[in-house]
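**Q** Below is the structure I would like to discuss, written out as structure tokens.
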Amino acid sequence: MRITQLYEQHFGANQIASRPFGWRDEPSKAEQAMALLALSHTPLEHQLYRAMLSEVTVTRTRVGAFSARTLMMLTGLNSLSAIRRGRAGLLKKLSIERYNVAGEGHLQPQQQIVYFVFSPHEIFTRRQAAGLEPYPKEVQAHETSEAFGQVVERVLGRHNLSRRQAQVALCCAKGLTNAEIGEKLSISDKTVKFHLRHIFIKFGVRRRAELISRLLI
């Protein structure tokens, strides 16, 4: 398979020229989708994904070789095992796709491993088509709730929140206690309190009731 065949497979032959940059959404919607996607990635996976997405955007293509050493240079990470683990996670979560393509060697064809990088909205669609939950578990139960939808937007709009802090904030909006949050997220009560302190600071509130009010009203 050659790289042009990858475009045909995903977008159709008549869209190859226009899709590499045409697939991006409006800035505000793209940022919300990226923030939502971050909740389903681990921090390591999301760091790799953003680096890969940025690279294919700069090179005006959807495909990159992205060897472990290339990703080390792009992200500044120094662990090959961590890079490989994160890349494997992105493959499993359908955020990227791996292909063997024919190289352009003069003497004989050479095989090269490349990765197709999908946009956040494409990832959600791919997961749904594969029978997987497209959105993070913290959002799924409230997907049709307009009120909680506003909460999600407000949490995701806080780009200074970490992935775990966003999860804890969403759990607070559901009315869960510290113990229930810890059980749901598999973290200790002490860790929940630690995250809450930072969330309060970032939202400019002093207690849980103020945070919930800020998110719901």
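**Q** Report whether or not VAL101 is among the hydrophobic types (A, V, I, L, M, F, W, C), part of a strand (DSSP E or B) and surrounded by 12 or more Cβ atoms within 10 Å (Cβ to Cβ).
**A** Considered against the rule, which asks whether it is among the hydrophobic types (A, V, I, L, M, F, W, C), part of a strand (DSSP E or B) and surrounded by 12 or more Cβ atoms within 10 Å (Cβ to Cβ), VAL101 comes out as yes.
**Q** Next up: Could you look through region 170-184, keep only residues that are without any contact (Cβ under 8 Å) to a residue 12 or more places away in the chain and crowded, with 17+ Cβ neighbours inside 10 Å, and pick out the one that is nearest to ALA209 (Cα to Cα)?
**A** Checked region 170-184; the qualifying residue nearest to ALA209 (Cα to Cα) is LEU176.
**Q** Give me the residue from region 152-161 that is surrounded by 14 or more Cβ atoms within 10 Å (Cβ to Cβ) and either touching a Lys or Arg at 6+ places or on another chain (Cβ under 9 Å) or modelled with pLDDT of 80 or more (or both) and, out of that set, farthest from HIS46 (Cα to Cα).
**A** Selected residue: ARG154.
**Q** Quick one: count up the residues across region 53-98 that are closer than 21 Å to ALA130 by Cβ, among the hydroxyl-bearing types (Ser, Thr, Tyr) and assigned to a helix (DSSP H, G or I).
**A** The total comes to 0.
**Q** Those residues that are surrounded by fewer than 17 Cβ atoms within 10 Å (Cβ to Cβ) and assigned to a loop (DSSP other than H, G, I, E, B), I need them from region 119-135; list them, please.
**A** The answer is ALA130, GLY131, LEU132, GLU133.
The values are calculated or read from the model by the stated rules, or taken from the named source; none is laboratory data. Just so it is clear, the model here is predicted, and its values are computed rather than measured. Here Cβ is always computed from backbone atoms with ideal geometry, including for glycine, and neighbour counts include all displayed protein chains.
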